[in-house]
C-alpha cells in the first residue's frame, strides 16, 4: 500500500514547484515593465503581494513616468 505521508509530501513539493514557476512567469514581465517605465525592477516583486499587485498596476498605468521626462518612451 502507499503510505499517506509519502504521497502527501510528493504533492506538497509539486505544489511549491508550480508556485515558483508561476511566480517567475509573472515577475519577469512586470520587472521589465517597471524598468522600461523608468522605475526600479525590484518594484516588480510587488506583483506577488495580493491587493498590492492591483495598486502597482494602477500606479504603472497612471503615474508620470521618469522615462517620459527623459524622452525615452514614445507613444
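Just so it is clear, none of the values below were taken in a lab; they were calculated from the coordinates. Note that the structure is predicted; figures quoted are calculated from it, not measured.
Measuring how big the stretch 19-67 is from its alpha-carbon positions, Rg and Dmax come out at 10.5, 33 Å. The gain in end-to-end length when the residue 20 to residue 65 segment is fully stretched comes to 13.2 nm, 0.36 nm per residue minus the alpha carbon separation.
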